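To start, the structure under review is shown below, and the notes come after it.
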Amino acid sequence: MIVPRLRSATRALELASVLILLCFVRPACAHVGSPNVFYVGDAGPYHLFVTVMVPQVIPGIAEVEVRTSSNQVREVSTVVTRLSGAGSRYAPVPDLAHRSPVDPHLFTSSVWLMEYGSLRILLKVSGSGGNAELSVPVASFARQSLPMPRWLGALLLAMTAGLAVGAISIVGAAARDSRLPPGATADERSRHRGRVAKAVTAVLVAGFFYLAFAWWDADALRHARLTRLFKAPPVAVTLEEDSRLKLTATDPVWVKYRLMDKLLPDHGHLMHLFLIRTPAFDRFWHLHPVRTEDGDFEVNLPPLDAGHYQVFADVVDESGFPWTLVGTIDLPQIKGAALSPDDSGGSFAPRAENGSGSATDVLRDGMRVVWQHEPLEKNIPLNLRFSVEDADGSPVRDMEPYMGMAAHLEIVRSDLSVFAHIHPSGSAPMAAVMLANGETGASSAPSLHGMSMPNDSTMTMPAKVEPELSMPYGFPKSGVYRIFVQFKRGNRIETAVFDTQVH
């Protein structure tokens, strides 16, 4: 008699367990507003536009899109490895990307990001030009902790309570009936034994519940701390001696582990500092502070108008992970000093409130920068294309690399919730790109602004800059944006400004 009861109870427990697992499974909901990766580069003879839609939680699934520019590519496969170190040398078997039946130039793949930190998507490409590889750096971190839906919490609690009641009943019945002969009725002694067993089991179940909830809370707290760690860290910005700006990382983790001492140069500088006067965005400066012995950064300000400034400071840590430190400062009128060779910025018209700016910005001597674009929509990967023309409309022919790139482009949303600093190669910092491609800066090849570039590098580092500029990006949110386009011509850094509305 007891055997059939135990079998029934076992089947009930198995069914309940399956139901619980199914309740935990939920469709992957792509969260937008995250810094997805947009990258343009060459895998051997194949020119690729790679988009990595990073998941909002880790572990999570990243969606990879690879667009080719020709019919040469026959097959693309993708795999995730660490950005550098031993973990980058032992890649697992790659997954074959799916070729779109509608657009034969488009390949898509889904890959798991299983850990936080600096990772890379390794693309293996084969086609009529042979086999080739391309590495794309990916900063892997959770954007937030997903809340559990109330209905799911209630369902899980009810099912768990049912399991607990079932377990207590099973143990009680087993203790009461296990010693009885078949068909016998339980006497008072047997029922007492069953009640004692139920009471002991109830205490054990209560203890189990207590430990389970404690583990759940501790794990949730640990995850929340980890998620906060990857938020934009704060930076204290102070004005010293009338015109010197000092930046100090104030996040406890950054202070404890002296992360400011463990940065990689990116485009020849440890820090790229951007000052934007708010709310009009009518003053913009791109400066390059230097690190002091105590781990702070300092820079001498140029002549600068008074106002409230938003501060974004881009750095890349030793693992190749990009960070943007965020702060604010109210500045008086600054007489300032002359700009260093790579510093740039100036005064601009106030930002258009509705984003209805002109597609042409006229600079000094009548030089024009024309932005060629269709109506913009969020979450659509695209190339932001600009052309630089002389006053007579002819393309300029004397552009130069600016810190090793054809151009630098800064994108700022009107509410400051989005800030991006991108280049013709995309949104990944060049320091991370070099690590992803196995470069350590130790090459004997000629260096460019402090960055060693091997002869066989696939990175975009032009010796000659064409007047047609193209930078891959995807706006993460709808809203009003201001875009600063910076390039170099005639040994002078120019900045063009555009306002736009993203739908």
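The values are calculated or read from the model by the stated rules, or taken from the named source; none is laboratory data. In this text, all values refer to a predicted model and were calculated from it rather than measured experimentally. Reconstructed Cβ throughout: ideal geometry from the backbone, glycine too, with neighbour counts over all protein chains shown. Each accessible area value is taken on the protein alone, full model and side chains, heavy atoms only, with ligands, DNA and RNA left out. Shrake-Rupley method; radii C 1.70, N 1.55, O 1.52, S 1.80 Å.
Working note: 222 nm ellipticity from helices only, DSSP H runs with n ≥ 4, each -39,500 (n - 2.57), summed and divided by the residues of the chain, gives -7000 deg cm²/dmol to the nearest 500. For the chain, with equal point scatterers placed on the C-alpha atoms only and solvent neglected, what are the log10 I(q)/I(0) values from the Debye formula at q = 0.06, 0.07, 0.11 1/Å, to two decimals? Evaluating at q = 0.06, 0.07, 0.11 Å⁻¹ gives log10 I(q)/I(0) of -0.39, -0.50, -0.98. ASP219 exposes around 60 Å² of accessible area when a 1.4 Å probe is run over every protein chain in place. Residues whose amide H lies under 5 Å from that of GLU466, counting only those 5 or more places away or on a different chain, are absent; hydrogens are built 1.01 Å from N in the peptide plane.
Between the alpha-carbon centres of the stretch 475-503 and the stretch 69-135 there is a gap of 31 Å. Shown here for the stretch 70-154: chymotrypsin sites (Phe, Trp or Tyr not before Pro) in loop regions (DSSP other than H, G, I, E, B) with at most 11 other Cβ atoms within 10 Å, namely TYR90.
Accessible area per residue (1.4 Å probe, heavy atoms of protein chains only) ranks SER417, SER356, SER126 as SER356, SER417, SER126, with the largest value leading.
Seen against the Cα atoms of the chain and their longest principal axis, helix 188-229 is set at about 0 degrees.
Using a 1.4 angstrom probe on the protein heavy atoms only, line up LYS262, LYS246 by accessible area, largest first.
On the way: LYS262 80, LYS246 50 Å².
Largest accessible area first, the list is LYS262, LYS246.
Measuring between their Cα centroids, the stretch 157-222 and the stretch 283-348 lie 64 Å from each other.
Heavy-atom accessible area for GLU494, with the other protein chains in place and a 1.4 Å probe, reaches approximately 10 Å². Shown in residue order for the stretch 358-375 are the 3J(HN,Hα) couplings computed by the Karplus curve 6.51 cos²θ - 1.76 cosθ + 1.60 at θ = phi - 60°: 6, 8, 10, 10, 9, 9, 4, 6, x, 4, 10, 10, 10, 9, 9, 7, 8, x Hz (x for Gly and Pro).
With a simple spin-label model that places each label point 7 Å from the Cα along the Cα-to-Cβ direction, the separation between ASN383 and LYS335 comes to 4.9 nm. Applied to the stretch 67-79, the Karplus parametrisation 6.51 cos²θ - 1.76 cosθ + 1.60 on θ = phi - 60° returns per-residue 3J(HN,Hα) values of 10, 9, 9, 8, 8, 5, 6, 9, 8, 10, 10, 10, 8 Hz, with x for Gly and Pro.
Across the stretch 272-278, rounded Karplus estimates of 3J(HN,Hα) from the backbone phi angles (6.51 cos²θ - 1.76 cosθ + 1.60, θ = phi - 60°) give 10, 9, 10, 10, 10, 6, 10 Hz, Gly and Pro being marked x. Report in % the part of the accessible area of the chain that belongs to carbon and sulfur, leaving out ligands and nucleic acids; probe 1.4 Å. Carbon-and-sulfur percentage of accessible area, whole number: 58. In this structure, the amide hydrogen of ARG143, modeled 1.01 Å from its nitrogen in the peptide plane, lies closer than 5 angstrom to those of VAL57, counting only residues at least 5 positions away or on a different chain.
LEU247 contributes an accessible area of around 0 Å² to the protein surface, as traced by a 1.4 Å probe with all chains present.
What is the Cα convex hull volume of the stretch 227-324 when expressed per residue in Å³? Mind showing how you got there, number by number?
Values: hull volume 10.8 nm³, N = 98.
That works out to 110 Å³ per residue.
When all protein chains stay in place and ligands, DNA and RNA are ignored, the 1.4 Å accessible-area order of GLU466, GLU298, largest first, is GLU466, GLU298.
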